[in-house]
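Input: a single structure, listed below in structure tokens.
Nothing in this text is a laboratory measurement; each read-out follows from the coordinates by a stated rule. What you see is a predicted model, and the numbers here were worked out from it, not measured in a lab. All Cβ positions, even for glycine, are placed from backbone atoms using ideal geometry, and neighbour counts span all protein chains on display.
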């Protein structure tokens, strides 16, 4: 119980602090403690923790979406706890979680733009350096935006489609 | 560890950081008010018969949801500048966050509208209420109840998004103040740790406040 | 309890045991020196037509690597990110026009000056600004935490006038772009870059509106504060660059004809 609370509030911290600041802080912890991680690894680590913080919520919501009657029925038919999780909770919860999980994945994909702050050259940072040379901000940024859009839009559509398909008829 | 923390000068900057937090909250609140209003309009657009209005809704929603917020803010400041639309850092950030929030909230509102039974609207209309009256007195209150949780979430995101103002030259919000101090002193960890505490407090303030408000408003 | 103390003692000893190798040793044994260089301040640091790092600072780093007998690795950093790059061990030395402010010296180790700039006022032709005093009543901006940015901001604050504003950008390119796009009307800029920009013809709407009244901006090589061995080496290296004529050669190659700027300060030792 205590552990649950502690984990919950720890993850809450990662959801309540701007990612930009998390990048900066973890990056400086990396240097203060001489961990010797590359900035790329730091960026991945921060994004992973951040994603985990949100994903926990999604999974929790998914598990809670399974009616306890259903689960009790399963258990009274002699399923073990693990069997109950695997055979009953998982198939129902995954339909609730997956569309949101796709949304989360896309969110993280877009949040990668923030890693430019700790010195990684990604899409947005390289557009900035092209802008410096061409002095055509609108054109270059529009192309960068289009690239983000093309990466994100099809997957977002897939998410919406799954959500529609799996939402019980109402 | 080859580093000695200099907490004393960092703590001396506490008042400035607090003022920065006030500016941050102000930007977030302003963007959310505008964002909610636009989101309601967009949600209504999506149900409209006009192809143009539906088009505006889907372009807005898809652009806001499928490009990074950092990109959006940068685009408002530097991109629109080439079109002759010059906004200062503060309005650029507000416009950027509003654009983003409206896009996300419009989807929530659209779902919320669907959840309100059509029969209620028809009943109210047949009682002689005008369409705007029905919307304001019947639909909106229920809508807000349904989307209260998404709005609270979005408010927290709006606060976190204000940190992006620093890329378009904003210096007086929490992130701006923090960055200014850290680049002058190079004491990155100290100042950003203090900023993290303040951002956390702001976010908690919003979620706890929303919880209290929800119990007050929706207990029946 | 005793065992905890014992364990702590063993841990402390094991940390202290390895013979202390300083940064200079690390660089030599790694066979490579990582220089934090800013690539949006041509001609001192920029990307050439092939998108390769080039300029005075890049050559300076390569010379340093050659002197040490190691490879040079250029780590691109924005101006406000130079020192964080050192602190987070992404770079060994910042060869990035780091002004030798006393505030910075509290955190990083600075060498003797390797270059010196004048700061000029960069503005748009249609802004109506003709000199430094003319920035009153205008929206202006600079790069966060730079020597010139801090002084400019202080002067704007002293004007105490709501229409004179200051915005801090995170890179030199953004500040220049903001002037050329019209979000701000003027920015302080190092003379070499301002002259290079005007010469390039890529910025037809920008002009230099005179010098700033700041004292000359002496810039240094920066590394971690406690790396005396490396700082000593850097000081001697800079001295040798001037002594051997390499400094004059680089000056001619990147900055232009005329005598290279004097790196000494009259009337005081360093």
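Observations
- Highest-first arrangement of C:40-47, A:147-154, C:161-168, where packing means the average Cβ count within 10 Å: C:40-47, C:161-168, A:147-154
- Global geometry of chain A, whether rounded, prolate or oblate, following the gyration tensor of its Cα atoms and the 1.5 cut on a/c: oblate
- Normalised per residue, the volume of the convex hull around the Cα set of the range C:101-148 (Å³): 114
- DSSP-defined beta bridges in the range C:119-211 - what % are antiparallel, rounded to 5: 60
- Gyration tensor verdict on the range B:113-186 (Cα atoms; rounded if a/c is under 1.5, prolate if a/b is larger than b/c, oblate otherwise): prolate
- Angle between chain A longest axis and helix A:39-64 axis [Cα atoms, degrees, rounded to 10]: 30
- Note on chain B: with a GNM built from Cα contacts shorter than 10 Å, the maximum mean-square fluctuation among B:180, B:16, B:120 falls on B:120.
- Three principal axis lengths of the range B:16-217 [C-alpha, angstrom, descending]: 68, 44, 23
- The radius of gyration of the Cα set in the protein assembly as shown, together with its Dmax, comes out at 28.2, 96 angstrom.
- log10 of Debye I(q)/I(0), alpha-carbon scatterers only, for the range A:1-81 at 0.19 Å⁻¹: -0.89
- R0 of 22 Å, Cβ-Cβ distance residue C:215-residue B:4: FRET efficiency to nearest 0.05: 0.15
- Other protein chain C-beta atoms within 10 Å of residue C-beta, averaged over C:44-52: 1.
- Computed over chain C, the ratio Rg/Rh where both radii use C-alpha atoms and Rh is Kirkwood: 1.05
- Ranked by the mean number of other Cβ atoms within 10 Å of their residues, highest first, the peptides B:188-195, B:156-163 come out as B:156-163, B:188-195.
- Within 10 Å of each Cβ in B:168-175, the average number of Cβ atoms from other chains: 5
- Dividing the summed -39500 (n - 2.57) terms of all DSSP H runs of n ≥ 4 by the residue count of the protein assembly as shown sets its mean residue ellipticity at 222 nm at -19000 deg cm²/dmol.
- Share antiparallel - DSSP beta bridges, the range C:31-170, percent rounded to 5: 20
- Once the Cβ-Cβ distance of residue A:52 and residue C:205 is raised to the sixth power relative to R0 = 60 Å, the FRET efficiency obtained is 0.75.
- Comparing mean-square fluctuations of A:122, A:57, A:136 from a GNM of chain A with C-alpha springs under 10 Å, the top value falls on A:136.
- Cα long-axis angle, helix A:2-15 against chain A (0 to 90 degrees, to the nearest 10): 30
- Exercise: per-residue mean of other protein chain Cβ atoms within 10 Å, C:157-166: 1
- Taking 7 Å steps out from each Cα toward its Cβ at residue C:269 and residue C:22 produces label points 2.0 nm apart.
- Fluctuation leader among C:219, C:156, C:58 - chain C, Gaussian network, Cα springs under 10 angstrom: C:156
- Packing rank of B:147-153, B:80-86, where each peptide gets the mean count of other beta carbons within 10 Å, highest leading: B:147-153, B:80-86
- The range C:154-221: C-alpha gyration tensor shape, a/c 1.5 cut-off, then a/b vs b/c: oblate
- DSSP bridge orientation in the protein assembly as shown - percent antiparallel, rounded to nearest 5: 60
- Pairwise FRET efficiency - residue C:105 versus residue B:207, Cβ, R0 = 60 Å, nearest 0.05: 0.90
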